[in-house]
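Accompanying notes for the structure given below.
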Amino acid sequence: MEVQQPSAPMAGSLRFIRYGFMPNHLRYCGGDDNRTLFEYGVENVVDAGVNTMLRKFTGALPYLQLIARANGIADPFDDRVVEAYWIGNELLDRVEVRQLYDSLVERFGKQLQGRTRDWVLGKAPAGARPHHNFHVFDVHSRVGELENTLETMDNCRTSWGKVVAVEGPGLVVERPPLVLVDGKLAVGSSQRVRVVRQVEQRGFADSAVPGDWVSIHWRWVCEVLTPRQQANLVRHTDHHLAIANQTI
């Protein structure tokens, strides 16, 4: 098993900004600091005050805190923790079933009722991990955070695409969409789509070139992925789709 080394100070905050920027821009989560977060992200420099802004992402923060606590890491915005949540890495495997179960009870136990409550809480013993795509596939649609449609789930999940061409402020990528097959969720065959990589000629993945893998969140290019990261994202997506399909 690959061992993640301690990360540079604030590296995780920068990575979180890359993924949190667009849903914050769309006013789905976080506070009113979008312009400031964007400037931090494109300049690739942050200060101690940025984590106050990031703690306003109340949907993601409890998962980050859980991953950090389970791995003996003090900072929930440590880069290893942030990568685990948005992409996936071995830190997720060290979160015990009871820890995730208790976290779900604390957050949603009173909000959910009856069979829906049982379904969500049952995902922990079914093998779920505190990954963003678990939240998208199995939680947000049941707690009323966003419209429960296939398109919303597809946009909200962390996805991946292979760069085909750079076109101004956008990239053409080959990206597999979320589809329904016989009433079950699945990752379909890759399609060529255009995604946004820049605002005002600046973005977080300006170095991306054809052949690179990139991560995508709400049609926004978050970062260039290493082969390890892309493989982890595929694995955790498939894993949590299988768990979601148990109760669809």
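Values quoted throughout were computed directly from the atomic coordinates according to the rules given, and no laboratory measurement underlies them. Predicted model, so just to flag it, every value in this text is computed and none were measured. Virtual Cβ from ideal backbone geometry, glycine too; neighbours counted across all protein chains shown.
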Fill in the blank from the handout: Per GNM of the chain with C-alpha springs under 10 angstrom, the most fluctuating residue out of 127, 203, 20 is 127
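If you average 1/r across every pair of different Cα atoms in the chain and take the reciprocal, what Kirkwood value do you get, in Å? Intermediate values should be presented prior to the final figure.
On the way: mean 1/r = 0.0546 Å⁻¹.
Roughly 18.3 Å, rounded to one decimal.
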Exercise for the section: Mind sorting 87, 248, 73 by how few other Cβ atoms lie within 10 Å of their own Cβ, fewest first? Expected result: 248, 73, 87
Fill in the blank from the handout: Rounded to the nearest Å, the spacing of the alpha-carbon centers of region 187-210 and region 111-180 is 19 Å
Handout entry: Spacing of the two label points (7 Å from each Cα toward its C-beta) at residue 245 and residue 167, in nm
Key = 3.2 nm
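For residue 186 and residue 56 in one chain, what is 0.36 nm times their gap in residues minus the Cα-Cα distance, to one decimal in nm?
43.6 nm
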Fill in the blank from the handout: Residues other than residue 120 with Cβ under 9 Å of its Cβ, Lys/Arg counted +1 and Asp/Glu -1, net out at +1
Problem - Most mobile of 220, 119, 160 in a GNM of the chain (Cα contacts under 10 Å) - result: 119
Handout entry: Descending Cα extents along the principal axes, region 132-248, whole Å
Key = 42, 26, 22
Handout entry: Computed lengthening from residue 113 to residue 179, 0.36 nm per intervening residue step minus Cα-Cα distance
Key = 21.0 nm
Practice task
Please identify the helices of the chain, taking whole runs of DSSP H, that span at least 24 Å along their own axis as judged from the Cα atoms and have a mean Kyte-Doolittle score of -1.0 or higher.
Solution key: 227-244
